[in-house]
């Protein structure tokens, strides 16, 4: 499986190399664009989940401070429960997006070396050595 960072231009990757490799395999080039799109979607959902976690931690900290000071924290506790439910739903969304991303990523083969012959029939491959 290829490293997802090869698809990310901002991480030093070059999707055009992967597209060219797919062309040389006579495989779908559109799959590369689909993986890039799914990766962006997964990263966005992961960002939203991280923000929900940050909010939940903040609410729980505030609730703890209210309880320690002896004040009423029922509003914060209810808010915390709602945030936990939202986080659980977002967790499922993130996992679903990640599973879809990696299922598509599995369909893309390793990069074809420049010295590999380009042909859609293995019978035309150059025979380098015969085994005994």
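Please treat every number below as a calculation from the coordinates, not as lab data. Keep in mind that what you see is a predicted model, and the values were worked out from it rather than measured. Note that we place each Cβ from the backbone using ideal geometry, even for glycine, and neighbour counts take in every protein chain shown.
Table for the structure above
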quantity: Highest-fluctuation residue, 72, 99, 50 considered, GNM on the chain with Cα pairs under 10 Å; calculated: 72
quantity: Two-site label geometry, residue 10 and residue 113: point separation in nm, points 7 Å out along Cα→Cβ; calculated: 3.5
quantity: Length gained when the stretch residue 127-residue 106 is fully extended (0.36 nm per residue, less Cα-Cα span); calculated: 4.7 nm
quantity: Cα-based helix-to-principal-axis angle, 74-105 vs the chain, degrees rounded to 10; calculated: 0
quantity: Helix 30-69 vs. the chain, principal-axis angle (Cα, 0 to 90°, nearest 10); calculated: 20
quantity: Label assignment, Cα extents along the principal axes in Å derived from the structure, set (1) 83, 33, 19; (2) 58, 55, 24; (3) 135, 20, 19; calculated: (1)
quantity: Principal-axis tilt of helix 15-24 within the chain, Cα atoms, nearest 10 degrees; calculated: 40
quantity: Gap separating the Cα centres of region 17-40 and region 73-119, nearest whole Å; calculated: 19
